[in-house]
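For reference, the structure discussed in these notes is given below.
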Amino acid sequence: MGNREQVEQRVIVALDVPDEQSAIALIDRLPQVSFWKVGLELFTSTGPKILEVLKSRQKRIFLDLKFDDIPNTVAGACRSAARYGVDLLTIHATAGRDALKAATEAAQEGAAKAGVQPPKLIAITLLTSISARQLAFDLKIPLELPEYALEMALLAQESGLDGVVCSPQEVAQLRQTCGNDFLLVCPGVR
């Protein structure tokens, strides 16, 4: 596989637009992009219809809804989302070990029932909008940002998740600690 093809397989473009029409226009403008992120705003606006549009064009999908609730509710959401045949699905690590484990089982069940591949579950360790000061003073967490992100990544890995969203500054430490098979998804921020 050539270098350009490798980059095209590894870059995920965010469909951070408010509606289906805007999303389709962006997809049409970038036909070479094979992997798209659908976030909360677009999914709330269009529902699963945007996923059907992407699937009909043989695109890979990162469904970034960041589930965070009690274990039973997270499991139900992951079971339903897995039926869409998405490739990646996010859940907050702060939902806790029970919710993370329930999510992995439910995603497998939902995908099997729909006859599709299960999504890779990716944990959110910390929102990129949270600063070190907010972590300490607002959330009362007595750890530095990198330490906290590492602890959440380890919790996710121990709970059976496939990877985490992390900042580029965290990649080296997470790769060393979590190994080469753990997926690291880096947004273009922080």
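The values are calculated or read from the model by the stated rules, or taken from the named source; none is laboratory data. Everything numeric in this text was worked out from a predicted model, so none of it was measured. Virtual Cβ from ideal backbone geometry, glycine too; neighbours counted across all protein chains shown. In case anyone asks, the SASA skips ligands and DNA or RNA and just uses the protein heavy atoms, side chains included. Shrake-Rupley method; radii C 1.70, N 1.55, O 1.52, S 1.80 Å.
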Task: Heavy-atom surface of the chain, accessible at 1.4 Å and reported per residue (Å²) - done: 54
- [ ] Keeping the other protein chains in place, figure out the carbon and sulfur percent of the accessible area of the chain, with a 1.4 Å probe.
- [x] 51
TODO: Could I get the Rg over Rh figure for the chain? Both from C-alpha atoms, Rh via Kirkwood, rounded to two places.
DONE: 0.97
Open item on the list: Per residue, how big is the convex hull of segment 1-110 when only Cα atoms are used? Give it in Å³.
Closed with: 110
Open item on the list: Using amide H atoms built in the peptide plane, which far-off residues or other-chain residues are under 5 Å from Ala14 H to H?
Closed with: Lys37
Task: Estimated 222 nm signal from helices in the chain, with DSSP H stretches of n ≥ 4 weighted -39500 (n - 2.57), rounded to 500 - done: -13500 deg cm²/dmol
Task: Distance in nm between pseudo-label sites at Glu144 and Asp181 (7 Å out along the Cβ direction from Cα) - done: 3.1
